[in-house]
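Structure record follows, encoded as structure tokens.
The values are calculated or read from the model by the stated rules, or taken from the named source; none is laboratory data. Please read these numbers as outputs of a predicted model, since none were measured by experiment. Cβ placement follows ideal geometry from the backbone for every residue including glycine, while neighbour counts extend to all protein chains displayed.
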Amino acid sequence: MTNPALRAMRMITLVLLLPPAQQVASQIPYNPATVGQIAEAERHIPAHGTLRNGGPPTRGFDMKYARCEWDLDPAVHYISGSITSWFTATAELDQVVFDLSDALEVDQVMMHGNALTFTHGPGTQLVIDLPATLPAGQLDSLTVTYQGAPPNSGFGSFVTDTHSGTPVLWTLSEPYGAKDWWPCKDDLNDKIDSLDCLVTVPIGNRAAGNGLLVGADTTGDQVTWHWRSRYPIAHYLVATAVTNYLVDEQYAQLTDGDLLMLTYAYPESFSNAVSAATAVLPVITLFDSLFGAYPFANEKYGHAQFSWGGGMEHQTMSFMGSFHPEIMAHELAHQWFGDKVTCGSWAELWLNEGFATYLSGLSYEHLAPFYWPIWKRNLVNQITGQPGGSVFVTDTLDNNRLFDSRLTYNKAAMVVHMLRWICGDSAFYAGLRNYLDDPELAYGSVTTADLQSHLEAASGLDLTGFLADWYTGEGYPSYTTVWSQDDAGTVTVTLSQATSHPSVDFFELPVPLLFLGEGQDSTVVLNNTTNNQVFNFHLPFAVDSVAFDPEIWLISRQNIVTRVGTSESGQGALLLRPNPATDRIAWHVPAGFIPRTFRVWDAHGRLLAVGGDVRSGHLNIARLAPGAYTLELRGGTDSLRARFVKE
């Protein structure tokens, strides 16, 4: 989802017929703040949320089908309806437990025409007593009839508002808000296999929903919109929105045929919304080609406008507050990563948000390549703006941590990018397609271990160490690359690394370096497995410069590339010994350089010390906290820099 601040973003109207790919760059505006806005807008966790852990369906039953019947008026903050739930007992079952806010009133619970006893609240549990014990394996059903004014929690799981003076209503349940407005089983590991939603509203309104629209029946001054989905769906992805929508219908080209794409938009926004939606058509085609068939091809993909700044990936019908291309690509990507396969625990939300963020970046790589390196550099800069923080969510009841743009979105996306780097494109995409299509995982709940096993099978790599560093570990590396080339063309590279957080003492990664000279260039990938590692190789041209990670594959910051002079070049570098050090660090400077002052920065670029006494040839670092630092020596108009680590 995305940030309400995007309402003010200037939207660019796109032509209905897309130009060739090389021209699309001018049609897709890049805004480096977009990812942060996506994350900010998804922070709508209700205060009373509870953590659900991964695993098989809980509470002794497995949800099979739900028939949701709701009476809604967008001008009135109220809901009444009935939910018929079909379920299979997974153990002997005497009670059925659903989740429903105690702000709503349960009128009755019926089973086979008989009223059941139940307990509702205080709190959010609806405990229903069954008339007889259900044996394991038995399929049965019950109906809960209820009504009330849903509570306002988070950013609003059930909201009534207006647009241009016209009432509008929408729902938005991720992660814990579904129980604010309907009795559900709040369990990420128990998707509903099949769903019908019948939404009765005043004439003049349309109700958006999941799946396919199968009918609209009018009775008096009311119309019932019937949406049907025959794909498994997580409880928090069930949604509806009601107002005087206008509807646009287009078709996306997929590998296996055309896909219906609907856009429900406010009349005053309709033209711009349709233009923006048209630009999504090649993105649907792209994701379908990269990650396998669109997961809900028998139904549709759609957008429903709501009065919010961002978007929410409701299955087959993303709710859009902003028709910004990157936001639209992000919510579309969730149909594969988040909807087809859904994180089995909110602690592993990166499996949804990291991949959706990365896929929005891929839309730049393939359709607007000018913005691709800018997008990656912006993410890396934001990630490394602080020294710590893991992709793994340590506190799923802290909404700021759960939807942290730096970690759950940006860092997670770049971790996906680095997985692509170390696996290689072929294995990366093959592994992801296998992960999405695994019959044990598809349309179900997944874990990071599931992802790992498929990428390992495709690549032949052991990713345990990588995930320990980048998923549960914190921080990032800063590299110092010292290189030289002799007269025979042999290049010697010493690669050193300092880490920003003590949870990881060394990041083992393949490091790309681009060597340039004499009108030629060569990219060399160094398998960096130890600190201060030395590499030797031959290049058939005289190198005059080296670029570190030129295509931005790695999460790193404050990298230094320096050349050690040879007798021919007369060039040199600042060398520090010992490094790492505990109390003192000494320097060696090239001939002819006379240091006069020094400066020291920490890993975040904060200036810590300035001094003029450099006659001793060393620096007392005893008072520095353990970590990575940069020392600069100045001599007249010249300066030299090198990184050191205080242990």
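Considering only segment 234-252, I want to know if a residue exists there that is in a strand (DSSP E or B), closer than 17 Å to ILE79 by Cβ, under 26 Å from the mean Cα position of the chain (by Cα) and not assigned by TED's automatic domain parsing to the domain that holds ALA442. Scanning segment 234-252 turns up at least one residue that is in a strand (DSSP E or B), closer than 17 Å to ILE79 by Cβ, under 26 Å from the mean Cα position of the chain (by Cα) and not assigned by TED's automatic domain parsing to the domain that holds ALA442.
Can you confirm whether ILE284 is modelled with pLDDT of 95 or more, in the same structural domain as GLY165 (by TED's automatic domain parsing), part of a helix (DSSP H, G or I) and over 22 Å from ALA442 (Cβ atoms)? In short, no.
In segment 480-517, what residues are farther than 16 Å from ARG563 by Cβ, in contact with an Asp or Glu (Cβ under 8 Å, 6 or more places away or on another chain) and free of Cβ contacts under 8 Å to residues at least 40 places away in the same chain? Listed by number, the residues that qualify are VAL504, PHE507.
Just one of (1) surrounded by fewer than 24 Cβ atoms within 10 Å (Cβ to Cβ); (2) at pLDDT 95 or above; (3) of a type in the set (S, T, N, Q) fails for ASN152. It is (2). Restricting attention to segment 343-402, the residues that are of a type in the set (S, T, N, Q), surrounded by fewer than 18 Cβ atoms within 10 Å (Cβ to Cβ) and farther than 30 Å from ALA234 by Cα add up to 2. Among residues of segment 252-274 being under 15 Å from VAL168 (Cα atoms) and hydroxyl-bearing (Ser, Thr, Tyr), the one that is surrounded by the most Cβ atoms within 10 Å (Cβ to Cβ) is TYR264. For segment 506-608, the strands (runs of 3 or more DSSP E) that sit wholly inside it and include 3 or more residues that are more than 41 Å from the chain's Cα centre (by Cα) are 584-588. The set of residues from segment 426-445 being more than 20 Å from the chain's Cα centre (by Cα) and closer than 24 Å to SER556 by Cβ comprises just one member, ALA427. For segment 88-95, the count of residues that are at pLDDT 95 or above, surrounded by 15 or more Cβ atoms within 10 Å (Cβ to Cβ), part of a loop (DSSP other than H, G, I, E, B) and among the β-branched types (Val, Ile, Thr) is nonzero.
Screening the candidates ALA279, ALA329, ALA333 for the property of being crowded, with 22+ Cβ neighbours inside 10 Å, farther than 27 Å from HIS235 by Cβ and not hydroxyl-bearing (Ser, Thr, Tyr) yields one hit, ALA279. Screening SER289, SER360, SER307, SER322 for residues that are out of contact with any Pro (no Cβ under 8 Å at 6 or more places or on another chain), part of a helix (DSSP H, G or I) and outside the structural domain of THR448 (by TED's automatic domain parsing) leaves exactly one candidate, SER289. Does segment 370-378 contain at least one residue that is over 23 Å from PHE296 (Cβ atoms), assigned by TED's automatic domain parsing to the domain that holds ALA468 and within 12 Å of the chain's Cα centre (by Cα)? So far as segment 370-378 goes, no, none of its residues is over 23 Å from PHE296 (Cβ atoms), assigned by TED's automatic domain parsing to the domain that holds ALA468 and within 12 Å of the chain's Cα centre (by Cα). No other residue among SER101, SER85 is crowded, with 21+ Cβ neighbours inside 10 Å and in a loop (DSSP other than H, G, I, E, B) apart from SER101. Scanning segment 404-445 for residues that are assigned to a helix (DSSP H, G or I), of a type in the set (Phe, Trp, Tyr) and under 19 Å from GLN335 (Cβ atoms) yields a count of 3.
Candidates are the residues of segment 449-476 that are more than 21 Å from VAL393 (Cα to Cα) and either modelled with pLDDT under 95 or not in a helix (DSSP H, G or I) (or both); the one that is farthest from the chain's Cα centre (by Cα) is GLY460. Residues in segment 105-149 that are more than 16 Å from SER82 (Cα to Cα), touching a strand residue (DSSP E or B) at 6+ places or on another chain (Cβ under 6 Å), without any contact (Cβ under 8 Å) to a residue 24 or more places away in the chain and surrounded by 12 or more Cβ atoms within 10 Å (Cβ to Cβ): THR119 alone.
Would you mind stating whether LEU213 is crowded, with 21+ Cβ neighbours inside 10 Å and not in a loop (DSSP other than H, G, I, E, B)? Considered against the rule, which asks whether it is crowded, with 21+ Cβ neighbours inside 10 Å and not in a loop (DSSP other than H, G, I, E, B), LEU213 comes out as no. More than 15 Å from GLU313 (Cβ to Cβ) and modelled with pLDDT of 95 or more: does that describe GLY354? When the stated conditions are applied, GLY354 does not pass them.
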